[in-house]
Each structure stands twice: as structure tokens, then as C-alpha cells.
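Read through the structure below, which is laid out as C-alpha cells, and then see the notes.
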Amino acid sequence: MIKYIGRRLLMMIPVMLGVVLLVFSMMYFSPGNPEDYILGDMATIEDKEAFREEHGLNDPFLVQYFNYLIHALQGDLGTSYTTKLPVWDEIMERFPTTFKLAVFSTFIAIVIGVSTGIISAVKQYSIWDNISRFIAIIGVSMPTFWEGLMLIILFSVILRWLPSSGFSTWRHWILPAITIGTHSASSVMRMTRSSMLEAIRQDYIRTAMAKGQKYSVVIWKHAFRNATIPVMTIIGLQFGRMLGGSAISEIVFSIPGLGNLIINAIKVKNAPLVQGGILFMAVVMSLINLLVDVLYAYVDPRIRSQYVSNKAKRKNPVAEEKAKEGV
Amino acid sequence: MSDNILDIRNLTIHYVTDKETVRAVNGINLTLKQGESLGLVGETGAGKTTTALGILRLVPNPPGKIVAGEIFYKGEDLLKKSESDMRKIRGHEISMIFQDPMTALNPVLTVGEQISEAILLHQNITPQEALQKSMDMMELVGIEGIRHSEYPHQFSGGMKQRIVIAIALACDPALLLADEPTTALDVTIQAQVIDLIENLKKKLGTSLILITHDLGVVAEVCDRVAIIYGGQIVEFAEIAMIYNNPKHPYTIGLFGSIPNFSVKAKRLKPIYGLMPDPANLPEGCTFAERCPLATDACRQGDIPNIEIEPGHWVKCIHLGV
């Protein structure tokens with residue numbers, strides 16, 4: 001298992017190199033010059049030339065690329081053009097906010113999505129199922145920014161219960177977390193429902209019922225454990241995406257998170273910050289994927305046995321002999 | 001109350017969907033004595049498994065529905081019992097061996113957990129004792145008890161079938177419903193599983209309903225046989241009566257399709273045609289379409305059940321032939 005994790009971590013290296021090349025090229029070849037945005041209209045041509053010289057922007061593409069790559073490999077992501085602070089510090093300043101929001105939203109998504117998904121599957125075609133499927137479709141198709149604005153209008157403007165922007169107290173968290181959480185709850189619900197429906201129809205459910213087990217226990221102990229893998233996959237994907245910053249929601253609620261940071265950096269062509277931020281997101285996403293894969297092995301013994309090396313498999317010689325004989 | 005452990009009267013089970021009603025079981029009558037073995041023989045789709053699931057009240061609902069009938073188990077009608085009373089009977093009084101061992105076990109739980117689950121439900125013992133008992137059950141079916149911590153995918157098909165049997169026998173049931181316990185297995189393993197069920201039956205005194213389409217297995221294990229066709233029992237008798245003196249044309253056809261070593265025959269005689277669509281059963285005798293003796297009288301009204309000798313019932317109007 002540890003060997004497997006190590007191999008997966010090594011496999012991340014080429015992926016990250018690809019990400020760096022892609023993002024760097026996009027920033028380089030896209031139109032517009034950072035000095036025009038950052039120094040403003042009042043800057044002289046000399047100022048702009050000094051800026052380009054200072055940041056090595058007059059070097060050829062390959063020279064710039066390898067300069068960036070060599071620094072990045074040493075853990076130096078460069079400094080932001082605007083604040084002159086190291087990119088890493090900028091990201092780390094914003095990340096806790098984004099992380100908190102992602103955890104909170106995912107929690108909401110799991111609680112709502114998994115529970116309604118299970119109930120919908122168990123009571124298929126009931127009124128409850130139809131209502132929750134209908135709401136889930138609305139949830140998936142509703143744009144987050146619109147949902148966020150509607151919630152602000154209702155809870156901040158009309159009812160005046162909750163603040164509309166910022167992220168200082170827990171009351172500020174509620175609206176953004178609900179906006180992001182309900183959106184991903186809809187996908188989680190639909191996935192939970194379909195994989196539970198499949199699990200409930202399996203023969204082992206009938207076996208468990210024939211033992212005299214209660215239906216509710218059969219659902220949890222036998223059906224849900226088999227249905228978790230696709231659900232975990234989708235939760236992992238959503239969580240990874242939220243950790244990269246839910247850019248639109250962060251802008252709607254004026255949250256100083258990672259998504260907000262990168263959007264603002266893109267606007268002024270602040271290349272080091274954009275490249276660093278996207279590389280960071282890619283690493284986070286890969287790590288979450290790895291975590292989900294490890295969780296698969298925890299839930300499903302068939303997957304676990306694929307990771308176990310042959311040496312460990314041979315631990316039980318008696319069983320091996322028996323299995324060979326087919327006794 | 002008679003000595004019948006099970007007395008099924010007029011059991012009727014339909015699968016109702018928006019499009020059609022599949023009449024899987026149509027008025028089955030069966031009796032089973034304490035300690036007796038009954039073979040339920042019929043082709044695929046005849047309603048054998050549905051009958052067994054009906055006894056446990058596990059017909060998938062929707063779409064399955066027990067429309068009519070009574071199932072007396074030890075004198076009490078199972079169809080009138082509450083769900084929680086049924087739970088005490090399932091796995092404890094009546095248990096079932098399922099037909100496909102590849103899918104009948106939960107892939108994410110160890111076999112030990114799956115066997116002891118049944119024990120813990122019906123016996124007031126600690127999990128450790130239940131696990132010990134599961135290991136004993138595994139030894140009983142010929143698998144080493146230390147393998148209790150392994151998962152179903154680590155066993156061969158024959159071993160999985162034994163685990164399924166171990167689950168069914170874990171609480172010493174009074175009645176065992178074995179649904180094609182050997183169909184998914186190759187011939188050598190089949191013989192082992194049949195021996196195993198035979199031995200356990202002798203040891204524990206369990207009554208048995210053996211569902212199969214293999215007349216050879218029935219001859220080896222059963223005391224009485226019910227031939228089921230189109231959701232109805234067409235012939236019901238003691239084993240010797242049916243094998244020596246089959247009366248219903250369908251039963252005769254079944255025996256005609258088995259090779260006989262003592263008679264030199266060039267070709268076997270199959271029963272021509274297919275089973276009628278259970279969603280669209282013909283009136284009268286369900287076998288009439290394929291029956292060599294069929295007349296117009298066969299295609300109308302209810303066909304009576306006639307006792308042609310003591311304990312030998314046949315559902316046919318051409319018994320004089």
C-alpha cells in the first residue's frame with residue numbers, strides 16, 4: 001500500500017510539469033502586457049521598460065520558461081507583480097479561508113446529498129423520491145452566482161438575518177457554504193440514488209434479508225457500503241474543486257479566498273501568481289484523487305487485494321494450497 | 001394439527017407492472033412433513049424460486065405481490081404474520097440457500113461476518129461466541145475456520161456455495177429451502193454439495209424443499225416430488241411413483257428427455273415448443289400448447305387435480321389414456 005502511494009506520488013511529477021508548461025504558455029501567448037495593467041496609464045515608456053527588464057519579460061520564451069521552472073522546482077514560485085510578496089505567501093494567506101469554506105460546504109453536501117439519495121433509492125418512485133429528484137435537477141441546473149444572489153436578497157436584504165459579504169465570523173460562512181454545498185449536494189444526491197438503486201437490487205441484499213435482518217440495517221450495512229465508491233468519487237472531485245477556490249461564489253460573497261485571488265491576478269496578467277495558484281490547485285486536486293483512491297481500497301477488499309504485493313499474499317500458505325485444489 | 005411442518009394452499013403470486021401482470025405462481029398446493037425432503041422440479045421460469053421466496057415473504061415488492069393463498073408453517077399462517085414476526089422466522093426457523101453463489105454473498109464483508117450476522121440475530125450470544133460458531137459452521141461445510149477473515153472474492157465458486165449453505169444452516173433451521181444449490185457448480189462439486197446437504201439433513205433433522213431442474217439430484221435426495229409448470233403443480237407424488245409411473249404428459253416428456261443407459265436410443269425425445277409467456281397464460285391447461293394429447297377440452301375451464309393412487313396427484317384430464 002505504501003509502495004502504491006509512493007508510486008502515485010512519483011506519477012504526479014510529470015503531470016505537474018505538464019501543468020506548468022501549459023499554464024506558462026497560456027500566460028505568455030495571451031494578448032496584453034502586465035506592465036500596462038499594473039503601472040497604469042500614467043506610467044512612462046521608460047517605467048514600463050524597466051518593469052519588463054526587472055521581471056525578465058524581454059527574454060525569449062524558452063529562457064523565461066526554464067527560469068521559472070528551475071525556480072519552481074526549488075520551491076520558489078516567484079513574487080507577485082502587484083504586492084511584491086512571494087506567491088507562496090499570498091496563496092497560504094488565502095488558502096485557510098478557502099479550505100474552511102470547502103470543508104463546510106462539503107459537509108453540507110454530504111449530509112443533504114447522501115441522506116436524500118438513500119431515502120430516494122429506498123422509496124423509489126414515491127412522492128419523496130420525485131420531489132427530491134426534482135429539487136436535485138433544479139440544484140444542478142441553477143448557476144451558483146444566481147443562487148448566491150437570491151440567497152443574499154432573501155436572507156440579507158429582506159430578512160436581514162445574515163451578512164451578505166466577507167468571511168470574518170461564522171455567520172458570514174452560512175450563505176456561501178449553503179450556496180456551494182447545495183449545488184454539490186445535488187450531484188451527490190443523484191449519484192447516491194443511482195448507486196444505491198443498483199446495490200439494493202443485488203442478490204446479497206436478499207441473502208441478508210433471508211437471515212432475518214432488519215431492512216434498515218440491510219440498507220446501511222449491506223447496500224450502502226457497496227454503493228459508497230461512486231459517491232466517494234464524486235465527493236472527492238467536488239471537494240478538490242472547492243479547494244481550488246469556488247471563484248464565482250467567492251466573488252459574489254466578496255470572500256478573500258484562493259479563487260478570488262487568482263481571478264484578480266488574471267485580470268492584470270499577474271503571471272507568477274496565476275501560474276503558482278493553478279499549480280497549487282493541480283497539486284491539491286491530485287492529492288485528493290490519491291486520497292479517494294486509497295479510501296476505495298479501505299472500503300472494498302477486492303480493490304485492496306490488488307494493492308497488496310505478492311509477498312504479502314503468500315502469507316497464508318494453507319489457504320493458498322486449498323484454493324489451488326479448489327476444495 | 002397434522003404432522004405437516006408446511007402446508008401451502010392455493011398460493012398465487014403475481015408480478016404487477018404498468019404494462020402487464022406476470023402470473024408467476026398460480027394456485028400452488030403443497031404439503032411437507034417434518035423431516036421430509038420435497039423436490040420442486042420445473043424448467044426456468046416455472047415459478048420455483050418465486051414459490052420459495054413467497055414462503056419467506058421475500059418476493060420483491062414492487063412488482064411482486066402475493067395475491068392469494070395461505071402458507072401454514074407449524075400451523076400458523078405466515079402470510080398473516082407481522083414483518084417483525086417474519087424476521088424471527090427468517091434465517092432461524094426457515095432459511096434459504098440461494099442459487100447463484102457468485103452474487104449471493106456481500107463482497108465487502110468477510111465471510112465470518114456474514115455467517116455470524118445470522119447467528120447474532122437469532123441467538124443471544126456475544127460476537128466472539130458467534131464468530132466461533134461461524135468457524136464451526138465453516139468446518140462443517142468443509143472450509144477451514146481460520147479463513148473466516150477472508151472475503152468472498154478469495155474463495156472459489158464451490159466454496160462460496162458452501163458459505164451460502166453455512167449461512168443458511170447457522171441457526172439450525174427446521175425448514176431449509178434450497179434453490180438450485182448445485183446449478184452454478186461443476187459436476188464434481190455438485191456431488192459434494194449434495195452429499196453435504198444430505199448429511200446435514202440427517203444430522204440436524206431438517207425438512208427440505210429442493211428446487212432444481214435436475215431429476216437425477218431429486219432421485220438421490222428427495223422423498224416426494226412436485227413437478228411445476230407454468231406456475232402450477234402438474235404432478236405431485238412420492239419419488240418411486242413418479243419415476244416408475246409418470247402420468248402427466250409433461251412429466252413423461254421430462255423423463256423422455258433424459259438419456260437412459262439400459263435402453264439403446266438413437267435420439268432423445270425433447271418436449272417441443274417453449275413455456276407459455278407467464279404474462280399471457282392460456283386458459284385451461286398451461287401445457288396444452290406442447291402436449292401431444294391436447295384436445296379442445298384442455299383449453300377451457302379449470303383442470304381438476306386428480307388423485308390417481310393414494311398420494312399421487314395429477315392435474316390432467318387425459319388420465320384414462
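Observations
- Residues of region B:229-253 classified as touching an Asp or Glu at 6+ places or on another chain (Cβ under 9 Å) and either within 21 Å of B:E36 (Cβ to Cβ) or open to solvent by 30 Å² or more (accessible area, probe 1.4 Å) (or both), total: 9
- Checked against the criterion of being within 14 Å of chain A (Cβ to nearest Cβ), over 14 Å from B:I94 (Cα atoms), acidic (D, E) and open to solvent by 70 Å² or more (accessible area, probe 1.4 Å), region B:16-33 has at least one qualifying residue.
- Only a single item in (1) more than 30 Å from A:D300 (Cα to Cα); (2) in contact (Cβ under 8 Å) with a residue 24 or more places away in the chain is not met by A:Y4, and it is number (1).
- Residue count for region B:257-302 under the criterion of being among the aromatic types (F, W, Y) and buried (at least 17 other Cβ atoms within 10 Å of the Cβ): the result is 1.
- Note on region B:10-34: residues that are within 15 Å of B:G231 (Cβ to Cβ) and part of a strand (DSSP E or B) amount to 17.
The rows are residues; the columns are (1) more than 30 Å from A:S305 (Cβ to Cβ); (2) open to solvent by 60 Å² or more (accessible area, probe 1.4 Å); (3) touching a residue at least 24 places away in the same chain (Cβ under 8 Å); (4) in a helix (DSSP H, G or I).
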| residue | (1), (2), (3), (4) |
| --- | --- |
| A:M11 | no, yes, no, yes |
| A:G18 | yes, no, no, yes |
| A:F24 | yes, no, yes, yes |
| A:G32 | yes, no, yes, no |
| A:D36 | yes, yes, no, yes |
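Yes/no per residue for (1) touching a Gly at 6+ places or on another chain (Cβ under 8 Å); (2) more than 19 Å from B:K88 (Cα to Cα); (3) without any contact (Cβ under 8 Å) to a residue 24 or more places away in the chain:
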residue: B:Q132; (1), (2), (3): no, yes, yes
residue: B:A170; (1), (2), (3): yes, no, no
residue: B:P173; (1), (2), (3): yes, no, no
residue: B:E180; (1), (2), (3): no, yes, no
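- The number of residues in region B:130-147 that are within 21 Å of A:G212 (Cα to Cα) and in contact with a Leu (Cβ under 9 Å, 6 or more places away or on another chain) comes to 2.
- Verdict on A:M209 being within 30 Å of B:S134 (Cβ to Cβ) and either β-branched (V, I, T) or within 13 Å of chain B (Cβ to nearest Cβ) (or both): yes
- Failed item in (1) within 25 Å of B:L11 (Cα to Cα); (2) in a loop (DSSP other than H, G, I, E, B), with B:L293 passing the rest: (1)
- Number of residues in region B:120-134 that are outside any helix (DSSP H, G or I) and either within 28 Å of the chain's Cα centre (by Cα) or within 15 Å of B:P152 (Cα to Cα) (or both): the value is 1.
- Test result for A:P272, at pLDDT 85 or above, open to solvent by less than 30 Å² (accessible area, probe 1.4 Å) and within 14 Å of chain B (Cβ to nearest Cβ): no
- Boolean, A:A185 is modelled with pLDDT of 90 or more and within 14 Å of chain B (Cβ to nearest Cβ): no
- Check on A:A227, of a type in the set (A, V, I, L, M, F, W, C) and away from chain B (no Cβ under 14 Å): no
- Within region A:246-257, tally of residues that are closer than 18 Å to A:M285 by Cα and either at pLDDT 90 or above or open to solvent by 20 Å² or more (accessible area, probe 1.4 Å) (or both): 2
- The residue of region B:303-321 that is farthest from B:I227 (Cα to Cα), among those that are at pLDDT 80 or above and loosely packed, with under 12 Cβ neighbours inside 10 Å, is B:P310.
- Search result, residues across region A:275-303 that are within 14 Å of another protein chain (Cβ to nearest Cβ), open to solvent by 20 Å² or more (accessible area, probe 1.4 Å) and free of Cβ contacts under 8 Å to residues at least 40 places away in the same chain: A:Y298, A:R302, A:I303
- Residues located in region B:77-105, provided they are out of contact with any strand residue (DSSP E or B) (no Cβ under 8 Å at 6 or more places or on another chain) and under 20 Å from B:H122 (Cα atoms): B:K81, B:S82, B:E83, B:S84, B:D85, B:M86, B:R87, B:K88, B:R90, B:G91, B:H92, B:L105
- Evaluated against (1) part of a helix (DSSP H, G or I); (2) open to solvent by 10 Å² or more (accessible area, probe 1.4 Å); (3) under 29 Å from A:V299 (Cβ atoms), A:V218 falls short on exactly one condition, (2).
- Residue match in region A:232-245 (condition: at pLDDT 90 or above, within 14 Å of chain B (Cβ to nearest Cβ) and open to solvent by 30 Å² or more (accessible area, probe 1.4 Å)): yes
- Residues within region A:164-201 that are assigned to a loop (DSSP other than H, G, I, E, B) and either surrounded by fewer than 18 Cβ atoms within 10 Å (Cβ to Cβ) or of a type in the set (G, A, S) (or both), tallied: 6
The values are calculated or read from the model by the stated rules, or taken from the named source; none is laboratory data. The model shown is predicted, which means the values in this text are computed figures rather than measured ones. Don't worry about glycine lacking a Cβ; one is built from the backbone with ideal geometry, like all the others, and counts go over all protein chains shown. Quick note on the areas: whole protein, heavy atoms, side chains included, nothing else; ligands and nucleic acids left out. Shrake-Rupley method; radii C 1.70, N 1.55, O 1.52, S 1.80 Å.
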